[in-house]
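Structure, as structure tokens:
The values are calculated or read from the model by the stated rules, or taken from the named source; none is laboratory data. Bear in mind the structure is a predicted one, so any value in this text is a computation, not a measurement. Cβ atoms come from the backbone with ideal geometry, glycine included; neighbour counts cover every protein chain shown. Just so you know, the surface numbers come from the protein's heavy atoms only, side chains and all, with ligands and any DNA or RNA stripped out. Shrake-Rupley method; radii C 1.70, N 1.55, O 1.52, S 1.80 Å.
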Amino acid sequence: AAAKRRRSGLAFAHEAGAEPAPEQLSLIGDMRAAMERGEFTLAYQPKLDFRSGRIVAVEALLRWRHPERGMVPPGSFIPFAEQTGFIREVTPWVLDAAIRQLAQWRKEGLEIAVSANLSTLDLLDPELPRRVHALLEFHRVPASSLCLEITESALMDEPALALAHLNALAALGVKLSIDDYGVGQASLAYLKSLPVNELKLDRSFVTAIADSPRNAAIVQSTIMLSHALGLSVVAEGVETEQELAWLRANGCDVAQGYFIAKPAPAAELAARIAAQGVAAA
Ligand code: C2E
Ligand code: MG
Ligand code: MG
Ligand code: MG
């Protein structure tokens, strides 16, 4: 019974000492109803590969199209979904939608990979690897075209359990990425002991490049050390041409940010990526 209780997000939140208040329960109800009404949607933000100059992947970012409040950004409901355990219902929806879209793009001949974001609770969920495997099979897409982004803090919560689940995901052939690198406590040496392929430099790092030569030196050495450890480096939050040029010159592999493209609905992206395909042919 304890194990069963632990699987339920609410029980988990309770054990963590954060029992949902009545108004929280009503918010969970609102979110669940919104999800069922189809108000959740994914926006996709391109990842530009410096070497080829092409968009090689996109990151799926959750949006809540609220009838009164308009587009609600994930920052205003995901933390709450995480606290209450409701994220356990959100993530399967996100993964299904992202992998379905990936299958659709592949059918249309677009050779891109898709990333999705995971939360701490997802990473500790023993069902996660099996669920991901089932979705890949159902939508008939190769595991290698899916990348899962996880933050350092998600790993540090319960490192042994997280590692077991990461190993199971890696065994499927799914790519793994460390999101928001640099703001957490994890060392690169520790991260390299995990089966990860990619490191995403946090936006604050990217922004800091222009501030001082010392910040630039930190980013430079992080890129070099990552490469020495066999990790591909993605810069997130690239907002200026200067940042993009600096990152290219300093060996960064992939860039993402408003300067390249903002997150957009799948249909808009497909047109952009298809146009790029024609231009390169
Ligand atoms: P993240 O995974 O680090 O995603 C990057 C965030 O930075 C996105 O915000 C993106 O729109 C924004 N961004 C991208 N380029 C730029 C830029 O050049 N400048 C600035 N200022 N911002 C930029 P968004 O979509 O609001 O998502 C925020 C966070 O919410 C994500 O951070 C991620 O941690 C979380 N999130 C989003 N979707 C999901 C999801 O499906 N599941 C989970 N668990 N978390 C999600
Ligand atoms: Mg991310
Ligand atoms: Mg990030
Ligand atoms: Mg971030």
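Annotations
- Counting only Cα atoms, the range 40-181 measures 42, 40, 31 Å along its principal axes, largest extent leading.
- For the range 167-275, radius of gyration divided by Kirkwood radius, i.e. Rg to Rh on alpha-carbons: 1.00
- These residues, Lys107, Lys200, Lys192, Lys262, go from largest to smallest accessible area, 1.4 Å probe, as Lys107, Lys262, Lys192, Lys200.
- Local net charge near Phe205, Cβ-Cβ under 12 Å (Lys/Arg +1, Asp/Glu -1): -3
- Taking Cα centre as origin and charging only the Cβ of basic (Lys, Arg, +1) and acidic (Asp, Glu, -1) residues, the dipole magnitude of the range 176-281 rounds to 160 debye.
- Positive-end residue, the range 169-278 charge dipole about Cα centroid, Cβ charges, pick of Leu194, Tyr181, Gln242: Leu194
- Point-to-point label distance, Asn250-Ala143, nm (Cα→Cβ direction, 7 Å offset): 3.5
- Surface accessible to a 1.4 Å probe, Arg106 within the full protein complex, Å²: 80
- Percent antiparallel among DSSP beta bridges (both partners in the range 140-206, rounded to 5): 0
- 5 Å-binned pair-distance histogram of the chain (Cα, whole percent): 1, 5, 12, 16, 17, 17, 15, 9, 5, 2, 0, 0
- Rg then Dmax, both in Å and based on the Cα atoms of the range 229-268: 11.6, 37.
- Take the Kirkwood radius over Cα pairs of the range 121-211, plug it into Stokes-Einstein at 20 °C and 1.002 mPa s, and you get 155 µm²/s for translational diffusion.
- Met156, Met224, ranked by accessible area, largest first (probe 1.4 Å): Met224, Met156
- Taking the charge dipole of the chain about its Cα centre, with +1 at Lys and Arg Cβ atoms and -1 at Asp and Glu Cβ atoms, the residue from Leu225, Ala264, Pro22 reaching farthest to the positive side is Ala264.
- Pairwise alpha-carbon distances in the range 115-163 exceed 13 Å for 59% of all pairs.
- Dipole magnitude of the chain about its Cα centre (Cβ charges: Lys, Arg +1; Asp, Glu -1), debye to nearest 20: 680
- Straight-line reach from Lys47: taking Cα to Cα under 21 Å and skipping same-chain neighbours fewer than 8 places apart, the lysines in range are Lys107, Lys175, Lys200, Lys262.
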